[in-house]
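Before any comments, here is the structure.
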Amino acid sequence: MDKIIWNEDMDISYGVKIYFENEKDFQDKVTEEYRNITKCDCLVGDVKIKSCISTGKGLNAESITPLEKTDIEINTYYIADVEKAELYIE
């Protein structure tokens, strides 16, 4: 699993809490990966720690499924807002 997970617009980042030493480490990794992908700096803010579920296969709407029949993972994540900074990196 990648350490940093991005939403489609790359304005929200997620990371499983146990993969990072602390919140600052998470913020530093988000900044580093954003810079590697976009060649731009970013501002990372509003960091929260939340329990989340993830699934690669998804779940059917309005259904009941035992957890052991799914690929759901439950983890504690850092979640942060990410905003592109206006400076371009060479």
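Taking every pair of Cα atoms in the chain, average 1/r, invert it to obtain the Kirkwood radius, and report Rg/Rh to two decimals. Mind showing how you got there, number by number?
On the way: Rg = 15.3 Å, Rh = 14.4 Å.
Over the Cα atoms of the chain, Rg/Rh equals 1.06.
Just the number, please: carbon plus sulfur as a percent of the accessible area of the chain, 1.4 Å probe, no ligands or DNA/RNA counted.
On the way: 3210 of 6660 Å².
Reported share for carbon and sulfur atoms: 48 percent.
Quick check on region 1-46: take the gyration tensor over C-alpha atoms, sort the square-rooted eigenvalues as a ≥ b ≥ c, and tell me if it's rounded (a/c under 1.5), prolate or oblate. Provide the component values of the computation, followed by the final result.
Values: a/c = 1.64, a/b = 1.39, b/c = 1.18.
Prolate is the answer for region 1-46, as a/c is 1.5 or above and a/b outweighs b/c.
Among Thr65, Phe20, Tyr34, whose Cα lies farthest out toward the positive end of the dipole of the chain, if unit charges sit on the beta carbon of Lys, Arg (+1) and Asp, Glu (-1)?
Thr65
Report, in degrees rounded to the nearest 10, the 0 to 90 angle that the Cα long axis of helix 23-38 makes with the longest principal axis of the chain.
70
What does the charge dipole of region 1-73 about its Cα centre add up to, to the nearest 20 debye, if the Cβ of each Lys and Arg holds +1 and the Cβ of each Asp and Glu holds -1?
On the way: 10 positive and 16 negative charges, 23 e Å.
So the dipole magnitude of region 1-73 works out to roughly 120 debye.
The values are calculated or read from the model by the stated rules, or taken from the named source; none is laboratory data. Predicted model, so just to flag it, every value in this text is computed and none were measured. Note: ideal-geometry Cβ built from the backbone for every residue, glycine included; neighbour counts use all protein chains shown. With ligands, DNA and RNA removed, areas are computed over all heavy atoms of the protein, side chains included. Shrake-Rupley method; radii C 1.70, N 1.55, O 1.52, S 1.80 Å.
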